[in-house]
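Asker: Here you go, one structure.
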Amino acid sequence: MRSMTGFATQTATLVCNKTKVSTTVSIKSVNTRFFECICKMPYALLNLETDIIKQLKQRLVRGNVFVAITVADQSVFKGSITASMSTAQSYVDAAHQIQQQTGVPGTLSIADLIALPHLFSAEEQLLDASIKRDLHELVQSTCTLLIEELENEGKVLQEDLRKRIQIMEHNVIRIEGIHAAFMLRRKQDALQELQSYEPGAEHALETRKASLFHMLDKIDIHEEIVRFKNHLVNFGQLITGNELELGKRIDFTLQELGREINTIAAKCSEADIATLAIDIKVEIEKAREQVQNIV
């Protein structure tokens with residue numbers, strides 16, 4: 001069992017264009033119905049985004065995932081700096097024009113010129129294969145750390161769900177015992193009533209007998225109890241399984257448990273059974289809250 005909520009981060013020194021640079025990868029995951037991923041990384045690394053998301057989806061399956069890649073010195077992605085001569089000439093021409101029209105004295109120095117914006121540009125360097133490979137490996141190893149944390153959190157969720165199962169199992173056994181005694185009393189009452197009919201009242205007896213049988217059938221929850229127990233067994237097997245996307249399967253099972261306990265509460269109005277049914281509903285809701293965080 002694996003949770004969807006966790007965080008992992010890792011820093012390594014990578015070699016980019018023959019220059020060592022400290023790179024940090026952080027991955028955070030929170031629960032959601034499907035897989036969603038947002039990446040925040042330097043512009044020079046954006047061409048890796050699609051592959052990173054694809055790899056994370058294969059391993060994490062579900063969750064709202066946020067990936068942040070930070071590079072200590074982003075100048076490693078820049079090539080040689082070049083001056084835009086056309087821009088420089090435009091600045092010089094504009095300065096002369098201002099001076100001619102306004103008569104402002106002074107000269108334009110190189111220090112003044114290089115301080116002006118958009119005069120220099122740095123080419124983006126293509127990433128070599130080694131930095132791409134090393135970065136992917138760093139992302140994958142960070143993802144491995146995240147999965148370890150998610151599995152540790154999954155163990156906590158698994159133990160909590162076991163407790164929910166034990167409480168529900170205990171309560172449904174109590175319901176079964178109370179219902180058996182309740183049905184026995186009702187059957188005895190029905191039998192006494194039928195035995196009280198005088199000879200010659202066969203038609204009334206048969207009519208009343210059919211009514212009592214119908215009443216007893218309506219309050220009989222034996223089938224619902226059996227189905228509830230079977231769903232509990234299935235629930236217990238699911239939480240010990242190794243398959244991914246257990247969350248959806250468990251959620252469907254909890255829905256079935258909810259339907260059965262609702263039927264039990266509706267069919268049998270015995271006060272003790274109604275109280276225990278409410279307790280079971282509370283445990284089902286607690287389990288459903290936890291299941292929302294399971295992959």
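Asker: Please work out which one of (1) out of contact with any strand residue (DSSP E or B) (no Cβ under 6 Å at 6 or more places or on another chain); (2) of a type in the set (A, V, I, L, M, F, W, C); (3) farther than 30 Å from Asp251 by Cβ is the condition Ala83 fails and give its number.
Answerer: (1)
For every residue, the table says whether it meets (1) polar (S, T, N, Q); (2) at pLDDT below 95; (3) surrounded by 12 or more Cβ atoms within 10 Å (Cβ to Cβ).
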site: His170; (1), (2), (3): no, no, yes
site: Leu191; (1), (2), (3): no, yes, no
site: Glu202; (1), (2), (3): no, yes, no
site: Arg208; (1), (2), (3): no, yes, yes
site: Phe213; (1), (2), (3): no, yes, no
site: Ile219; (1), (2), (3): no, yes, yes
site: Arg227; (1), (2), (3): no, no, yes
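Asker: While we're here: Which condition breaks for Tyr197 when tested against (1) surrounded by 14 or more Cβ atoms within 10 Å (Cβ to Cβ); (2) over 30 Å from Leu254 (Cα atoms); (3) at pLDDT 70 or above?
Answerer: Going through the list (1) surrounded by 14 or more Cβ atoms within 10 Å (Cβ to Cβ); (2) over 30 Å from Leu254 (Cα atoms); (3) at pLDDT 70 or above, Tyr197 breaks only (3).
Asker: Please determine, by comparing only the residues of the stretch 108-160 that are β-branched (Val, Ile, Thr) and within 16 Å of the chain's Cα centre (by Cα), which one is surrounded by the most Cβ atoms within 10 Å (Cβ to Cβ). Give the steps one after another, and end with the answer.
Answerer: Filtering the stretch 108-160 for residues β-branched (Val, Ile, Thr) gives 110, 114, 131, 139, 142, 144, 147, 156.
With the extra rule that they be within 16 Å of the chain's Cα centre (by Cα), the set shrinks to 147, 156.
Details: Ile147: 19, Val156: 12.
Checking each candidate, the answer is Ile147.
Asker: Looking at Ser84, Ser22, which one is assigned by TED's automatic domain parsing to the domain that holds His118 and exposed (fewer than 15 other Cβ atoms within 10 Å of the Cβ)? Explain how you work it out, then say what you get.
Answerer: On the way: Ser22 fails: assigned by TED's automatic domain parsing to the domain that holds His118.
None of the others qualify; the one that does is Ser84.
Asker: Any residue in the stretch 21-38 that's in contact (Cβ under 8 Å) with a residue 24 or more places away in the chain and of a type in the set (D, E, K, R): show its pairings with residues that are surrounded by 13 or more Cβ atoms within 10 Å (Cβ to Cβ) and not in a loop (DSSP other than H, G, I, E, B) at Cβ separation under 7 Å, as long as the two are six or more apart or on different chains.
Answerer: Going by the 7 Å Cβ cut-off, the qualifying pairs are Lys28/Phe7; Lys28/Phe66; Glu36/Asn64; Glu36/Val65.
Asker: Tell me the residue from Lys281, Lys267 that is more than 21 Å from the chain's Cα centre (by Cα), under 21 Å from Arg174 (Cβ atoms), at pLDDT below 90 and basic (Lys, Arg), please.
Answerer: Working: Lys281 fails: at pLDDT below 90.
Within the list Lys281, Lys267, the selection yields Lys267.
Asker: Touching a residue at least 60 places away in the same chain (Cβ under 8 Å) and either of a type outside the set (Gly, Ala, Ser) or surrounded by 10 or more Cβ atoms within 10 Å (Cβ to Cβ) (or both): is that true of Leu56 in this structure? Can you show your working first?
Answerer: Numbers: touching a residue at least 60 places away in the same chain (Cβ under 8 Å): yes; either of a type outside the set (Gly, Ala, Ser) or surrounded by 10 or more Cβ atoms within 10 Å (Cβ to Cβ) (or both): yes.
So Leu56 fits the description; yes.
Asker: State whether the residues of the stretch 229-241 include one that is surrounded by 14 or more Cβ atoms within 10 Å (Cβ to Cβ), on the phi < 0 side of the Ramachandran plot and more than 25 Å from the chain's Cα centre (by Cα).
Answerer: yes
The values are calculated or read from the model by the stated rules, or taken from the named source; none is laboratory data. Everything numeric in this text was worked out from a predicted model, so none of it was measured. Quick reminder, even Gly has a Cβ in these numbers, built from the backbone with ideal geometry, and neighbours come from all protein chains shown.
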